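Novice: Take this structure first; my questions come after.
The values are calculated or read from the model by the stated rules, or taken from the named source; none is laboratory data. Worth saying up front: this structure is predicted, and the values here are computed from it rather than measured. Backbone-built Cβ (ideal geometry, glycine too); neighbour counts: all protein chains shown.
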Amino acid sequence: DHWLDQLTDNMGRGELAIHDNSKWDPSTWPADCTGAGFHEAPRGALGHWVHIRDGAIANYQCVVPSTWNAGPRDASDQRGPYEEALLGTPVADPEQPLEILRTVHSFDPCMACGVHVVDGRRRELARVRAA
């Protein structure tokens, strides 16, 4: 039987438990352990990694779909999607470049979003954050 068929059958009988809680008792974990979880979310791949030491999180990392979708230039100097979309975008007020923020938001990134406008010498010219 495939796990999804089992889950569907269980739900049809009103059994809504979807995992075995016995694995989630921290007192049963080794002093030093790791875990990982992966999911294909609507925007793309989602991964979580955790390192637990002495019952406390020593390190946690997640890679969200926006990490992949909003990537910077690659090793061949090809622009990432955000940079490519921003080329030629008219900006009415360089002090408040809301058009840039709107363009980035059109990708619906799953993260807090702020846009920094820098010149060719990497000097910040403007910073815009969503309220």
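Novice: Can you go through GLU95, GLU99, GLU84 and tell me which one is under 30 Å from GLU124 (Cα atoms), free of Cβ contacts under 8 Å to residues at least 60 places away in the same chain, among the charged types (D, E, K, R) and in contact with a strand residue (DSSP E or B) (Cβ under 7 Å, 6 or more places away or on another chain)? Break it down stepwise before answering.
Specialist: On the way: GLU99 fails: in contact with a strand residue (DSSP E or B) (Cβ under 7 Å, 6 or more places away or on another chain); GLU84 fails: in contact with a strand residue (DSSP E or B) (Cβ under 7 Å, 6 or more places away or on another chain).
Checking each option against the conditions leaves just GLU95.
Novice: Can you confirm whether ALA92 is assigned by TED's automatic domain parsing to the domain that holds ALA45, among the aliphatic types (A, V, I, L, M) and more than 20 Å from the chain's Cα centre (by Cα)?
Specialist: Numbers: assigned by TED's automatic domain parsing to the domain that holds ALA45: no; among the aliphatic types (A, V, I, L, M): yes; more than 20 Å from the chain's Cα centre (by Cα): yes.
It is false that ALA92 is assigned by TED's automatic domain parsing to the domain that holds ALA45, among the aliphatic types (A, V, I, L, M) and more than 20 Å from the chain's Cα centre (by Cα).
Novice: So, in region 1-47, how many residues would count as being modelled with pLDDT of 85 or more, β-branched (Val, Ile, Thr) and under 26 Å from the mean Cα position of the chain (by Cα)?
Specialist: Of the residues in region 1-47, 1 are modelled with pLDDT of 85 or more, β-branched (Val, Ile, Thr) and under 26 Å from the mean Cα position of the chain (by Cα).
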